[in-house]
Amino acid sequence: MRRIAVAVLLSLTMTGTIAQSERSSIQVDNVELDDYLRMLEVISPAARSGAEAYMAAFAQRCGRTMRTIELRKAVAEESGDPVLLEMIRASYYRDAAQIQRLSANVACRRG
């Protein structure tokens, strides 16, 4: 159990490191969504599945598809959107019930 917690923390720390390096470059939507999701998967498969769950909840709640730049900002700005980070953690633990609960907290904002 302890190893799992360490792995989740490491993957979230890596996400934060990428977020810091991305922060200054998130002005233009110049990355394809599939490429960005593949990059998240390299960090951790849970990062990708959490992001996909976050985007699905966004589409359901907001009535439109999330743009790549919006996902990038959710990962990068202010150490990441707490709902997204919790969805990544829940994905790591394969906690579908927690992902469902978190889906209700996804904000509809423009990026």
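The values are calculated or read from the model by the stated rules, or taken from the named source; none is laboratory data. Everything numeric here is computed off the predicted structure, so don't read it as measured data. All Cβ positions, even for glycine, are placed from backbone atoms using ideal geometry, and neighbour counts span all protein chains on display. Side chains included, ligands, DNA and RNA excluded: accessible areas come from the protein's heavy atoms. Shrake-Rupley method; radii C 1.70, N 1.55, O 1.52, S 1.80 Å.
When segment 57-107 is filtered for residues that are of a type in the set (A, V, I, L, M, F, W, C), closer than 21 Å to R38 by Cβ and part of a loop (DSSP other than H, G, I, E, B), only M66 remains.
Scanning segment 82-103 for residues that are touching a residue at least 12 places away in the same chain (Cβ under 8 Å) and not polar (S, T, N, Q) returns V83, L84, L85, E86, M87, I88, R89, A90, Y92, Y93, I99, L102. Annotation: of all residues in segment 81-111 being among the small types (G, A, S) and farther than 16 Å from A47 by Cβ, the one that is surrounded by the fewest Cβ atoms within 10 Å (Cβ to Cβ) is A97. When residues in segment 43-68 are screened for being open to solvent by 20 Å² or more (accessible area, probe 1.4 Å), farther than 17 Å from I99 by Cβ and polar (S, T, N, Q), 1 of them pass. The combined condition, being open to solvent by 20 Å² or more (accessible area, probe 1.4 Å), modelled with pLDDT under 95 and over 20 Å from V106 (Cβ atoms), is not fulfilled by E78.
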